[in-house]
Amino acid sequence: MNVQLSFSSEAFSGAVKVTGSKSESNRLLILQALFPQIKLANLSNSDDTRVLQSALASKEEVIDIHHAGTAMRFLTAYFATKEGREVVLTGSERMQERPVKILVEALRQLGADIQYLKNEGFPPLKIVGQKLQKSEVTVQSNISSQYISALMLIAPSLPHGLQINLDGKVTSVPYIEMTLRFLSDCGINGSFENDRIVIEPAGNIPQKEVLIESDWSSASYFYSLVALSEEATVTISSYKEDSYQGDQVVAGIYKQLGVQTIYENDILHLKKCDFKRPRNLVLDLSNSPDLAQTIAVTCLGLGIKCDLTGLHTLRIKETDRLQALKTEIEKLGGQVDITADSLHLIPVENLKAGIKIATYKDHRMALAFAPLALKVPLEIEEAEVVSKSFPGFWNDLENLGFSVINISKG
Ligand SMILES: O=C(O)C1=C[C@@H](OP(=O)(O)O)[C@@H](O)[C@H](O)C1
Ligand SMILES: C=C(OP(=O)(O)O)C(=O)O
């Protein structure tokens with residue numbers, strides 16, 4: 001499905017209920033599988049959460065988690081501890097190119113039995129569950145925090161808990177902190193100081209209901225919409241000021257781009273306001289990599305230069321996001337230079353109209369470029385990709401007054 005997007009006016013208002021955070025949901029589903037006394041509310045309706053949930057319920061030998069990176073990494077650790085269970089964990093073509101070796105090596109240090117079925121270091125994996133007895137592991141920490149969260153999530157179920165020694169500069173730190181906070185909320189003691197994480201074995205975990213906050217990465221697309229509008233107020237729910245999600249920094253970043261955030265109970269009011277246009281927006285996004293595409297596209301739409309650094313993880317996500325951004329922004333007339341870990345954008349005064357944006361099976365390409373329709377009509381290819389994190393997105397855009405026309409490919 002391709003969609004043609006346009007907007008008749010640059011002024012709009014409306015309210016949107018955003019689904020639960022997929023990062024929070026996927027951590028809590030693993031914890032719930034280990035400790036069934038945990039109950040969850042406002043679970044994400046994203047594909048990535050659905051595949052994880054059905055994988056946990058599955059009795060099949062082959063489990064396909066499609067494009068879901070957290071599901072791949074968290075389930076690798078989870079099944080490695082399931083004594084007596086044998087599974088083959090596989091995923092989409094792209095998932096079979098996303099590295100998992102660091103995690104597999106770490107689990108093997110603990111005594112896990114995991115074999116690569118195709119290419120060394122990549123899914124599919126054959127996992128034969130074992131009783132893991134060791135209590136200390138060293139893991140390379142500059143490639144993906146998901147490996148570390150995966151180890152932390154199984155840690156309380158190990159007989160002696162786990163000490164995780166982090167080797168190298170730690171990336172995507174807020175996601176590790178989120179994992180630690182949920183462990184603590186569930187009554188599990190742990191600490192994360194410098195290059196060491198310690199998680200104690202779970203004692204008697206009390207009954208616990210956890211309310212999952214809505215997704216801040218998804219919220220970023222509404223920040224972009226408001227920033228690109230002439231005048232807009234969008235109300236999104238359900239959020240909290242003391243979020244566990246690192247992508248909450250979007251509120252501070254978009255303040256510089258003319259979006260005011262007002263917290264009212266669990267509702268966020270995003271309001272277009274006067275602002276002093278930065279000449280060049282300079283940001284290190286190593287703690288919030290999923291915001292990079294949103295911010296680059298907003299800057300393109302506002303005609304603001306930007307220098308984004310800390311993007312070393314972007315090349316191994318759903319697609320090579322640095323290359324994908326460069327290709328699509330250049331189609332619209334902008335100029336982009338990329339390195340292994342940075343992106344430099346020089347915007348263009350008049351964006352080219354009617355461009356087809358390719359999405360490379362990456363939900364965030366579709367989600368990030370859609371708000372640009374406030375500035376120029378455009379087409380998003382394979383628009384259904386948004387369901388990886390945000391299935392209701394196109395409906396929500398229509399409710400805000402966008403014209404979203406489903407057209408056939410070509
Ligand atoms: O733990 C998580 O929920 C995530 C961690 C991040 O990945 P990396 O640590 O690989 O950057 C992020 O990009 C991803 O969308 C979700
Ligand atoms: C990188 C992402 O997800 P994952 O790594 O879990 O596939 C994402 O949602 O942007």
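Read the figures in this text as sums done on the coordinates, not as results from a lab. Remember, it's a predicted structure, so these values are computed and weren't measured experimentally. Reconstructed Cβ throughout: ideal geometry from the backbone, glycine too, with neighbour counts over all protein chains shown.
Which percentage, to the nearest 5, of the DSSP beta bridges contained in the chain is antiparallel? Taking every DSSP beta bridge within the chain, about 60 percent pair in antiparallel fashion. Estimated from helical segments only, the mean residue ellipticity of the chain at 222 nm is -9000 deg cm²/dmol, where each DSSP H run of four or more residues counts as -39500 (n - 2.57). The HN-Hα couplings worked out from phi for the stretch 173-183 by the Karplus form 6.51 cos²θ - 1.76 cosθ + 1.60 (θ = phi - 60°) are 3, x, 5, 6, 5, 4, 4, 4, 5, 5, 4 Hz, whole numbers, x standing for Gly and Pro. The trypsin sites (Lys or Arg not before Pro) of the stretch 78-184 that DSSP puts in a loop, and whose beta carbon has at most 13 other beta carbons within 10 Å, are K118, K131, K169. Between the listed residues L162, L40, Y223, the Cα displaced farthest toward the positive end of the dipole of the chain, a dipole computed from Cβ unit charges relative to the Cα centre, is found at L162.
Counting only cysteine Cβ atoms and a cutoff under 4.7 Å, the chain contains unmatched residues C186, C273. For the stretch 87-162, the Kirkwood radius over C-alpha pairs fed into Stokes-Einstein at 4 °C and 1.567 mPa s yields D = 101 µm² per second.
The ratio of the alpha-carbon radius of gyration of the chain to the globular-protein estimate 2.2 N^0.38 Å is 0.98.
With respect to the chain, whose longest principal axis is taken over its alpha-carbon atoms, helix 216-228 is tilted by about 10°.
Distant-in-sequence amide contacts of A15, defined by a placed amide H-H separation under 5 Å and a gap of 5 or more residues or a different chain, comprise T235. Note on K352 and F275: with the Förster distance fixed at 30 Å, the Cβ-Cβ geometry gives a FRET efficiency of about 0.70. Find the centroid of the Cα atoms in the stretch 45-89 and in the stretch 332-410, then give the distance between the two in whole Å. After rounding, the separation between the Cα centres reads 30 Å.
Each residue of the stretch 243-259 is assigned a 3J(HN,Hα), and the resulting list reads 7, 8, 9, x, 5, 4, 4, 4, 4, x, 5, 6, 4, 6, 10, x, 10 Hz, derived from the Karplus form 6.51 cos²θ - 1.76 cosθ + 1.60 (θ = phi - 60°), x at Gly and Pro. Considering the zone a paramagnetic label at N119 would reach in this model (a point 7 Å from Cα along the Cα-to-Cβ line), which residues of the stretch 68-99 have amide N under 19 Å from it? Hits in the stretch 68-99 for N119 at 19 Å: 68-70, 72-73, 89-99. Computed from Cα positions, the angle between helix 145-154 and the longest principal axis of the chain comes to roughly 40 degrees.
The antiparallel fraction among DSSP beta bridges confined to the stretch 306-410 stands at about 70%. Shape analysis of the stretch 266-402 based on the Cα gyration tensor places the equivalent ellipsoid semi-axes at 21, 19, 17 Å, largest first. Every Cα-Cα pair in the stretch 20-96 was counted, and those over 21 Å apart are 21% of them.
Here the Debye sum runs over all C-alpha atoms of the stretch 123-273 as equal scatterers in vacuum, and log10 of I(q)/I(0) at q = 0.09, 0.13, 0.20 Å⁻¹ comes out as -0.40, -0.73, -1.15. In terms of Cα atoms, the Rg and Dmax of the stretch 22-211 work out to 15.1, 42 Å.
Sparsely packed loop sites in the stretch 195-290 (the trypsin sites (Lys or Arg not before Pro) outside DSSP H, G, I, E and B with at most 13 other Cβ atoms within 10 Å) comprise K276, R279. Highest mobility in the GNM of the chain, judged by mean-square fluctuation with C-alpha springs under 10 Å and restricted to N45, N280, N204, is found for N204.
Counted over the stretch 22-211, the DSSP beta bridges are approximately 55% antiparallel. Looking at the stretch 41-147, the GluC sites (Glu not before Pro) that sit in a DSSP loop and have at most 11 other Cβ atoms within 10 Å of their own Cβ are E60, E61, E83, E93, E120.
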